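Below: one structure, written as structure tokens.
The values are calculated or read from the model by the stated rules, or taken from the named source; none is laboratory data. Just so you know, these numbers come straight off a predicted model, no measurement behind them. In this analysis, Cβ positions are derived from the backbone assuming ideal geometry, glycine residues included, and neighbour counts consider all displayed protein chains.
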């Protein structure tokens, strides 16, 4: 495909001819590999939950005098805090995640506040110490899980009523695929899981479902056209439907991804947590709608007796056409045998052999009409 054809395809002026269903094993292998990597990350690296889920103390402040993470860690160790996580944010602020300071006396907390402020060259009141319990994180987790189950049940019911159960199964597998890979990316990268991450993962379900419903609607429309089904079969109709809506799906995903990318690059820390999960989820959702949901539906649909018989007839037709195509060269070779013999006779005698004229039968004389 040259550049002009690629541009025409992107703008929707040409329909690509990709055999998506025929290459389904490749798409399933890619999805299986991503899922295995995600599961490995969840098992071996595990998720890095924020303080909202595990509880503890969050200490944040901006510094006037330059400090390093090691300098801050030494001050914390002097006050008996050894397992704290210290981060320098944008070379202008310090973020400390430490065990809960609730058991510490008020004088101990104040001494720590003054020591950190003195090191940073700021007033003690500018050091913010916030103690967070794990109850809020656990409550969010339970509500998120309950909401996820409700959403999956409602989506399954809707797609079953609007389309059919096989499409609902494909959509559910694609949604679980998207959520699992998104969570696995968090585990593999070690990125902190915050309440904003949970909200983003729930939001991903809607974007992933949108592409899948658009593709399924086109497949349903084409499967109801009997002439297309008789000529192409179920797999061919699904391939045609995917090729017809491919660029619409790609462009819709790009329109969503570009603003999310800007938030990821230029937004604050809270927005970046939300944008990262959204970016990964929307990208994976665009992939699963095309490469997983539709081919999986083709596998389930192909098991119906009607479509199995249709595929058998199409296979028989293809074999007949293949035999005719193989027999055509032998017929052409037989017709050219006489021409070769004539050429050899001409080479021996030096004269061109003229073809014999066909004998013409005389027509019987017309009967005269009696008067």
> Of the residues 13, 5, which single one is more than 23 Å from residue 292 (Cα to Cα), part of a helix (DSSP H, G or I) and either in contact with a helix residue (DSSP H, G or I) (Cβ under 8 Å, 6 or more places away or on another chain) or at pLDDT below 90 (or both)?
Replying inline: 5
> Do we find a residue being at pLDDT below 60 and either over 60 Å from the mean Cα position of the chain (by Cα) or assigned by TED's automatic domain parsing to the domain that holds residue 169 (or both) anywhere in segment 316-338?
Replying inline: yes
> When residue 66 is evaluated against the numbered criteria (1) at pLDDT 80 or above; (2) within 30 Å of residue 177 (Cα to Cα), which criterion, by number, is the only one it fails?
Replying inline: (2)
> Taking segment 266-305, which residues are over 30 Å from residue 95 (Cβ atoms) and not in a helix (DSSP H, G or I)?
Replying inline: 302, 303, 304
> What pairs come up if the first residue lies in segment 280-308 and is surrounded by fewer than 21 Cβ atoms within 10 Å (Cβ to Cβ), the second is modelled with pLDDT under 85 and not in a helix (DSSP H, G or I), and their beta carbons are under 9 Å apart, counting only those six or more places apart or on different chains?
Replying inline: 308/302
>> Test of understanding: among 230, 200, 154, which residue is surrounded by fewer than 17 Cβ atoms within 10 Å (Cβ to Cβ) and farther than 19 Å from residue 302 by Cβ?
In response: 154
